[in-house]
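Any read-out appearing in this document is the output of simple, stated calculations on the displayed coordinates, not a laboratory observation. Source: prediction; values computed, not measured. When we count neighbours, we look across all protein chains shown, and the Cβ atoms used for this are built from the backbone with ideal geometry, even at glycine.
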Amino acid sequence: MTSSPILKIAVNVPLSRTFDYLAPAAGPPPSPGCRVWVPFGRRRQVGVVLEHAADSAVDEHRIRRCGEPIDAEPLLDDNDLNLIRFTSDYYHHPVGEVVAAALPSLLRRGRSLHPTIETVTITDDGESADIEALAKRAPRQAELLEFLVDAGGNGIDAARLTEELPNWRRSAKPLFEKGYLTRHAARAPDFDESLAEAPVAGPSLNTDQQEALSALRRSDTFDTFLIEGVTGSGKTEVYLERMRDIIRQDRQVLVLVPEIGLTPQLVGRLERRLGIEPALLHSGLSDVERLAAWRAARSGAARLVVGTRSAVFTPLKCPGLVIVDEEHDHSFKQQEGLRYSARDLAIVRAKHLDVPVILGSATPTLDMLQHCRSGHYRHLHLPRRAGGAKPPSLKLIDTLRAPATDGISEPLADAIGRHLDAGGQALIYLNRRGFAPTLICASCGHIAECSRCDSRMTVHARSRQLKCHHCGAVRPLEDRCSECGETVHPLGEGTERLEDTLRSRFPGRVITRVDSDSTQRKGAMHEVLGQAREGRADILVGTQMLSKGHHFPMLTLVGVVNADQGLFGTDFRSAERMAQSIVQVAGRAGRESRAGEVLIQTAFAEHDFWSTLIEGGYAAVADQALAERELTRWPPFTRLALVRAAAHRHDDALAFLELARRTVSALDDGSLRVLGPVDAPMARKAGRYRAQLLLQSSSRRVLHEVLRTLRPRLEDDPAGRKVRWSIDVDPIELF
Ligand code: ADP
Ligand code: ZN
């Protein structure tokens, strides 16, 4: 008999390595993909076995023995572990943290795959209790009771309660005793995808859609498709047909959607058309719900798995197709911790699984377009709107000739009036929430700034607050200048101010504001969108939350207020971004029989960007931007990695990055460009000084070799203890 193997185990700690343990003394050694408890320092942690090895670099008598196994069989199979390893290598991120990101939180914490769930429910007595009287004596009990009244007859799981009301158990005790609440524990029911209703047939596909579908149908193994289809061209109908094929073969489809793309509207459409219920994975779920969906994907019980970013890691029993809808959306890139791109990992995963992957967008990123040009990906086009709707016409309003008062110019106001009178709906887009971005003193010129960031405070008139949109700092809005005591004035406009302007200009009309402030309450977004869809709002005013994927049948006018923010941006992606957001929001207009009109207010009507966009559409802007990037050697023609550091002392951040620079320069064979260290564009945020070092190379291999050496050195260096630092591979924000 051979001696027991060494287990290479991933533990959720910020170190780029696995840890060696001896297999448990009794029983067979846990297989790769199983969780085990391990002693770690003085604590016990959940670890995941990544592999078995014959020996260890650690001294034999110093290796600790792992504790009891958690799983009898692997939670993660070879494919799942390969994706985890790839992610850790490619993003130069500790493998233990990647495993943690890939697992639902209950599993990360060591709970069983089928945990017992404690549910708390309100009784009839509880329902009829006098909450107001209770609130006077025992406000916490009243709060809990109210919560459970809202939860209704099915009750709520205890873990969810703990998230919402951390000390609920103390207040619950007397309520259980009075018979106001009951609880029971049971294993969570398994997911069942069957629906009562049979699938509903969709429209018959037009020629463009049929061609795209045929191309998709020709490939059953790995291939990357980019469907570039104008908004409303029927991309979703094409995916649906291909999804149906795969589901009929009893194989699974994984669909990744942007953060706010996972609307009840989309889910309802998928259910109706495919006749099965999808397993959903998104941030709005309770831990228990998330685990149930994850389990259904892993067991194959769910043939359709739809989720946001982190769903890319979901195990699949018999995968057949991966879809990334709205691939240009920024929410696919995680901006903290493990800074991965779910879109890019979806492609890698499809390659590992040898299944096709479909990316869809009306405004594809230049990165994906370049892959199509170089022949790696297949480019499919849907150039026309489906069902006969016409593309909206784009026109500029030159605000030098027709100045905007409180955000709205005369020509835009006229157009709004015209469209409303004709029974249409208008959407006014401004990607800035709050009342005004600046509060200035008319007398001394003092501007209200955040004390912790290099930024101005935004005026929020509804809540009478000044808020910092960068660190979340809040203080009361005063009418007088803190320096000289004279009157202060809000300068510029945000969505709140636009809402006021529109109200005074269009009295009697229903005006609905949609931004992250107005939709904080759970379910608020759903309500507002329903209102808009059914035509119960005349004017919608809001941020980019309004621009994504929504279908408002009555909407005929889109007004873009203050479009100039991106024209002179310092980021090399400014033009691409701006074209994406304008084309996306414009795509909300005229999606049915009524023709759509899009008016854009700009103070730079002569700028080339506009003529390119208006005459050639997104494709023309993309062509031009790609040519520029090739000339200036920015991505996708080169690769980037950004090392960021933040510290309480400016010098600590710079010293750390200086160390990084020296390490990198020593490894450079001449194909690396190192920029910095320099202060971040916003040098102070939330009380920390921020600096960065940008690494650029035309060779992915060189860049990654450098990072592979750099990461452990930075982890080991004492200078790193004084700073928060990170490595961002393929960053999409350069600050
Ligand atoms: P996209 O995903 O490109 O935005 P959708 O698939 O959502 O487009 O389609 C936009 C609208 O056009 C939807 O209301 C859809 O039902 C309709 N539609 C799509 N394809 C067709 C078609 N071939 N014939 C008629 N209507 C269609
Ligand atoms: Zn701040």
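Dipole check for the chain: with +1 at the C-beta of Lys and Arg, -1 at the C-beta of Asp and Glu, and the Cα centre as origin, the magnitude is about 1100 Debye.
The base-10 log of I(q)/I(0) for region 440-563, evaluated at q = 0.10 Å⁻¹, reads -0.40 [Debye formula, identical scatterers on Cα atoms, solvent excluded].
As a check on your grasp of the helix formula, calculate [θ] at 222 nm for the chain: sum -39500 (n - 2.57) over DSSP H runs of n ≥ 4, divide by the residue count, round to the nearest 500.
Working: 21 runs with 241 residues, N = 735.
Computed ellipticity for the chain at 222 nm equals -10000 deg cm²/dmol.
Bridging of LYS395 to aspartates and glutamates at a Cα separation below 16 Å is possible for GLU410, ASP414, ASP564, GLU597, GLU606, ASP608, GLU615, once same-chain residues fewer than 8 apart are set aside. With the contact rule set at Cα under 8 Å and sequence spacing of 6 or more, what percent relative contact order holds for region 21-180? Relative CO of region 21-180 lands at 19 percent.
Among ASP730, ASP130, ASP245, which comes first, second and so on when ranked by fewest other beta-carbon atoms within 10 Å?
Working: ASP730 20, ASP130 9, ASP245 16.
Least to most surrounded, the residues fall as ASP130, ASP245, ASP730.
The ellipsoid equivalent to the alpha-carbon distribution of region 583-675 has semi-axes of 43, 19, 13 angstrom, derived from the gyration tensor eigenvalues as √(5λ) and listed largest first.
Scalar couplings 3J(HN,Hα) for region 578-587, obtained by applying the Karplus form with A = 6.51, B = -1.76, C = 1.60 to θ = phi - 60°, are 5, 4, 4, 5, 5, 5, 5, 6, 4, x Hz; x denotes Gly and Pro. Its convex hull of Cα atoms gives region 346-471 a direction-averaged projected area, equal to a quarter of the hull surface, of 15.4 nm². Look at ASP716, ASP500, ASP414 and count the other Cβ atoms within 10 Å of each Cβ; fewest to most, that gives ASP716, ASP414, ASP500. Debye sum, Cα scatterers, region 243-285, no solvent: what log₁₀ I/I(0) at q = 0.32, 0.34 1/Å? Listed by q, the Debye log ratios stand at -1.30, -1.35. Considering only Cα atoms, the convex hull volume of region 505-624 works out to 132 Å³ per residue.
Given a cut-off of 16 Å, what percent of all Cα-Cα pairs of region 1-79 lie beyond it? Result: 45 percent of Cα pairs exceed 16 Å.
Rounded to whole numbers, the Karplus 3J(HN,Hα) couplings from phi for region 81-91 are 5, 4, 5, 5, 5, 4, 4, 5, 5, 6, 8 Hz, using 6.51 cos²θ - 1.76 cosθ + 1.60 with θ = phi - 60°, and x at Gly and Pro.
Of LYS467/LYS522; LYS235/LYS333; LYS333/LYS467; LYS522/LYS722, which pairs sit farther than 30 Å apart, going by alpha carbon to alpha carbon? Pairs exceeding the cut-off: LYS522/LYS722. Size check on region 225-370: the Cα extents along the three principal axes, sorted descending, read 37, 37, 31 Å.
Taking only alpha carbon atoms, region 109-255 gives an Rg to Rh ratio of 1.24, where Rh is the Kirkwood radius. Projected onto planes of every orientation and averaged, the convex hull of the alpha-carbon atoms in region 390-450 covers 6.8 nm². Sorting 139-149, 96-106, 264-274 by their mean Cβ neighbour count within 10 Å, with the most densely packed peptide first, gives 96-106, 139-149, 264-274.
Kirkwood-based Rg over Rh for the chain (C-alpha set), two decimals?
Values: Rg = 27.8 Å, Rh = 28.7 Å.
Across the chain, the Cα-based Rg/Rh ratio is 0.97.
Determine, for each peptide in 153-166, 369-382, 344-357, 228-241, the mean count of other beta carbons within 10 angstrom over its residues, then list the peptides with the highest first.
On the way: 153-166: 14.8, 369-382: 16.9, 344-357: 20.6, 228-241: 23.2.
Highest to lowest by the protection proxy: 228-241, 344-357, 369-382, 153-166.
For ARG513, the residues whose amide H sits under 5 Å from its own are VAL541, ignoring neighbours fewer than 5 places away on the same chain, with H placed 1.01 Å from N. Relative intensity of region 434-494 on a log10 scale, I(q)/I(0) at q = 0.20 Å⁻¹, equals -0.66, per a Debye sum over C-alpha point scatterers of equal strength in the absence of solvent. Taken one residue at a time, the phi angles of region 188-205 give Karplus couplings (6.51, -1.76, 1.60, θ = phi - 60°) of 4, x, 7, 5, 10, 8, 6, 10, 5, 9, 6, x, 9, 6, x, x, 6, 5 Hz. Gly and Pro are set to x.
At a threshold of 8 angstrom on Cα-Cα distance, excluding pairs fewer than six apart, so keeping six or more, what relative contact order does the chain reach in percent? Could the numbers behind the result be given before it?
On the way: 1457 pairs, mean separation 75.5, N = 735.
Here the relative contact order equals 10 percent.
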